[in-house]
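Enquirer: One structure, as C-alpha cells, below. Some questions next.
The values are calculated or read from the model by the stated rules, or taken from the named source; none is laboratory data. Small disclaimer: the values here were computed from a predicted structure and weren't measured. Positions of Cβ are backbone-derived with ideal geometry, glycine not excepted, and every protein chain shown enters the neighbour counts. Keep in mind that these areas ignore ligands, DNA and RNA; they rest on the heavy atoms of the full protein, side chains included. Shrake-Rupley method; radii C 1.70, N 1.55, O 1.52, S 1.80 Å.
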Amino acid sequence: MDQIHFDKMSGSGNDFIIIDNRGKIVPETDIQGFVARICRRKMAVGADGVILVEDTDTADFKWRFFNSDGSVAEMCGNGARCVSRFAFDHGIAGATMTFETLAGVVRAQISDRRVTVSMPDPTALHLDENIDTDRGTMIVHSVNTGVPHVVIETPALENVDVVALGREIRHHPRFLPSGTNVNFMSPILDNGVAIRTYERGVEDETLACGTGAVAAAIICAAKDRTVSPVELITRSGERLVVSFHREGSCFTQIYLEGDARIIYKGILWPEAWELD
C-alpha cells in the first residue's frame, strides 16, 4: 500500500485527520480498523475522527466521517468546518461551497480561519426528562442535531465528572440502541453558555463538539434562557457561535461558526495502520 498524504486540522480543539480520497487511496478492506489505528494517540497520528473527501455529482464533494473508534457518524459540526477549509485550500471548492453528508447537504462559507456551516434542523426535542443514574435521578434534555445529544444543566461545570457520568448516560437504556452524546452546560452572562462534552464514538471528553454546541444552544433557547446568536465557550477555550430562527418550539436555519485551523500536513506510512 502506498503512503497517504493527509492534513491534521482542529476545529476549536476537536481534531481530525483529513484525506483527499477522490483517487480511492484509502484501503477499504478494513476501513473501521484503518481509522481506529491511525487515530491512536502516541501510536499513530491521533485524532478525534477521520474525514475522507470524495467525489459526488450532487455537490462540490462528499465526505465520509468516522469517529476515532472507526464508527460512522452522520454529522459533525467542527469536522464540517475543518473539511470546508480543507476543500477550499486544496482547490476542491470555492469559498462558498456545498458538500454531501449522511445528514444532508451542508452549505459552508470560508472567511480566513473562520468558517460558517449550515446544520440540520433539530429533531426529537425533549425537555425536563427524569432518568435514573447511579448518582440518583437526574433531569436531562435531549435533541438530535444531526446526531443524538443529551444536555444537562449544572451550576458547577468544573466539578462534573464528565467521563464517568457521560459514559453512563451515553449507554443509558433510555437512549438505546444507538446511544447518545452527553453535554454538560452552564449558562453565563451576555447570552453565552459554557459547555463540556462526552462524545459517543470517541468515548471520552473532547475539547469541543459542534453538534453538541448546537444542542446546548437550542435547549437554552427552548427554555427561554438565550436568543440567537448564542456564544458557546468550549473546553478548549475557543468560542463557537450558533445562530437560528425560532418559531415557538420549531428551530430552523441553524448555522455554526467557529475556527478551523491547519495543525500540520504529513504522510501516513503503512506501518501506522497495518497490523503487526
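Enquirer: Here is a list: Ile4, Ile18, Ile25. Which entry is more than 20 Å from Glu205 (Cα to Cα), touching a Cys at 6+ places or on another chain (Cβ under 8 Å) and not polar (S, T, N, Q)?
Expert: Result: Ile18 is the single residue among Ile4, Ile18, Ile25 that is more than 20 Å from Glu205 (Cα to Cα), touching a Cys at 6+ places or on another chain (Cβ under 8 Å) and not polar (S, T, N, Q).
Enquirer: Please indicate, with yes or no, whether at least one residue in the stretch 209-231 is under 14 Å from the mean Cα position of the chain (by Cα) and farther than 18 Å from His126 by Cα.
Expert: For the stretch 209-231, residues under 14 Å from the mean Cα position of the chain (by Cα) and farther than 18 Å from His126 by Cα: present.
Enquirer: Considering each of Arg170, Arg114 in turn, give the residue that is surrounded by fewer than 23 Cβ atoms within 10 Å (Cβ to Cβ), in contact (Cβ under 8 Å) with a residue 40 or more places away in the chain and under 28 Å from Ala260 (Cβ atoms).
Expert: Selected residue: Arg114, the only one of Arg170, Arg114 that is surrounded by fewer than 23 Cβ atoms within 10 Å (Cβ to Cβ), in contact (Cβ under 8 Å) with a residue 40 or more places away in the chain and under 28 Å from Ala260 (Cβ atoms).
Enquirer: Being under 19 Å from the mean Cα position of the chain (by Cα) and in a loop (DSSP other than H, G, I, E, B) is the filter here, so list the residues in the stretch 158-172 that pass it.
Expert: His171, the sole residue that qualifies.
So that you can scan it fast, the table gives a plain yes or no per residue for (1) open to solvent by 40 Å² or more (accessible area, probe 1.4 Å); (2) in a strand (DSSP E or B):
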| position | (1), (2) |
| --- | --- |
| Val202 | no, no |
| Thr226 | no, no |
| Leu232 | no, yes |
| Gly237 | yes, no |
| Val241 | no, yes |
| Phe244 | no, yes |
| Ile267 | yes, yes |
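Enquirer: Could you list all residues from the stretch 51-82 that are more than 23 Å from Thr96 (Cα to Cα), open to solvent by less than 30 Å² (accessible area, probe 1.4 Å) and in contact with a helix residue (DSSP H, G or I) (Cβ under 6 Å, 6 or more places away or on another chain)?
Expert: Scanning the stretch 51-82 gives Phe66, Gly70.
Enquirer: So in the stretch 184-200, with the set limited to residues that are farther than 16 Å from Leu165 by Cα and part of a loop (DSSP other than H, G, I, E, B), which one is modelled with the lowest pLDDT?
Expert: Among residues in the stretch 184-200 that are farther than 16 Å from Leu165 by Cα and part of a loop (DSSP other than H, G, I, E, B), the one modelled with the lowest pLDDT is Leu189.
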